[in-house]
1. Which residues, taken from the stretch 77-94, are surrounded by fewer than 10 Cβ atoms within 10 Å (Cβ to Cβ) and over 27 Å from residue 22 (Cβ atoms)?
2. Check whether at least one residue in the stretch 3-15 is at positive phi and at pLDDT 95 or above, and report yes or no.
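The values are calculated or read from the model by the stated rules, or taken from the named source; none is laboratory data. This is a predicted model, so every value here is computed, not measured. All Cβ positions, glycine included, derive from the backbone under ideal geometry; neighbour counts span all protein chains shown.
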């Protein structure tokens, strides 16, 4: 059997990969700051904000008093907060909001 990597070395390498992954995610998300992206609204967060994903799979949280579940809305991404971005919904009073049809048989597989 080939020599195995010591647990301490495995841990150090894993930590380096986690740090690199985090840096790359932040660099990727930074490209979208101050841009308006369509967001598929999924659900409310524990804080009461809406959360959803852009077509680039960037998680965006934003506030709105409207019921936006399962809709696609334009959101201006304003800042990075940990694993997700925050933004502001763009006024859609003069344009339609896209409503996605669903049935009770559909299940969300997004984490």
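1. Listed by number, the residues that qualify are 91, 93, 94.
2. No.
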